[in-house]
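Please read the structure below before turning to the comments.
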Amino acid sequence: MVRENEIRVGEKQCALPETDDAGLVFIGTIHTPWTSRMETPRQGRQDGPVCRIDVLPLFAPALAGLEHYAEVEVLYWLHQSRRDLLLQCPANDGNPRGTFSLRSPVRPNPIGTSRCRLLRIEGASIFVQGLDCLDGTPLIDIKPDRCAFTPIAPPQKGDFEVAE
Ligand code: SAM
């Protein structure tokens, strides 16, 4: 059951420590069809709605080469989350589980990640499928999906030959 900000029976809260600022820079904004956490999917699907990621113009040059990838990993800041729960009851059934054993948006550092299908890039806008965040969610990072090495250079003669 999706939460707003309530504390449920069995959950445990903490007083957060003083901020030790990691100096995060939001690099853009994610646009999705969802304006309420209640209607946002729990996990994105690569056949889900097309969403637009607007990267700040300042960072547009950093997108060069991303178009070669079919999948990207998107990291975002779940900015409406509470951050102080140690134990949570995702099903609101009185059975608490540790925050770090869950993919709940409620966590000390509310970072969400999704593997997305990359459809196209237009200027500083990236069109993807596979997100599960609210419209207006701040973007932290975008990376090519996990690969053995980067950048992917065109195959060279001998790349796939096995050494004797
Ligand atoms: N796919 C990510 C992950 O696994 O790290 C996030 C999963 S989290 C379960 C997705 C849920 O977070 C959504 O269903 C919605 O309830 C909530 N959510 C989405 N965007 C949010 C935001 N900007 N602030 C707070 N909660 C958000």
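A few points about this structure:
- Any hit, region 13-25, residues being open to solvent by 90 Å² or more (accessible area, probe 1.4 Å) and under 23 Å from PHE127 (Cβ atoms): no
- Qualifying residue in region 94-101 (condition: at pLDDT 95 or above, surrounded by fewer than 14 Cβ atoms within 10 Å (Cβ to Cβ) and part of a strand (DSSP E or B)): yes
- Flag if GLY10 is touching a Pro at 6+ places or on another chain (Cβ under 7 Å) and exposed (fewer than 12 other Cβ atoms within 10 Å of the Cβ): no
- In region 105-134, the residues that are at positive phi and in contact (Cβ under 8 Å) with a residue 12 or more places away in the chain reach residues that are within 14 Å of the ligand (Cβ to nearest atom) and among the small types (Gly, Ala, Ser) with C-beta atoms within less than 7 angstrom, at least six apart or across chains, in these pairs: GLY130/GLY44; GLY130/GLY48; GLY130/SER114.
- Just so you know, in region 28-86 the residues that are in a loop (DSSP other than H, G, I, E, B) and free of Cβ contacts under 8 Å to residues at least 24 places away in the same chain include one that is farthest from the ligand (Cβ to nearest atom), and it is ALA64.
- Residue that is most open to solvent (accessible area, probe 1.4 Å) [pool: residues in region 103-145 that are among the acidic types (Asp, Glu) and either at pLDDT below 95 or out of contact with any Pro (no Cβ under 6 Å at 6 or more places or on another chain) (or both)]: GLU122
- Total residues in region 87-129 satisfying the condition of being under 18 Å from GLU11 (Cα atoms) and within 10 Å of the ligand (Cβ to nearest atom): the figure is 8.
The values are calculated or read from the model by the stated rules, or taken from the named source; none is laboratory data. Treat the numbers as computed from the prediction; the structure is a model and nothing was measured. Glycine gets a Cβ as well: all are built from the backbone with ideal geometry, and neighbour counts include every protein chain shown. These accessible areas exclude ligands, DNA and RNA; they are computed on the full protein's heavy atoms, side chains included. Shrake-Rupley method; radii C 1.70, N 1.55, O 1.52, S 1.80 Å.
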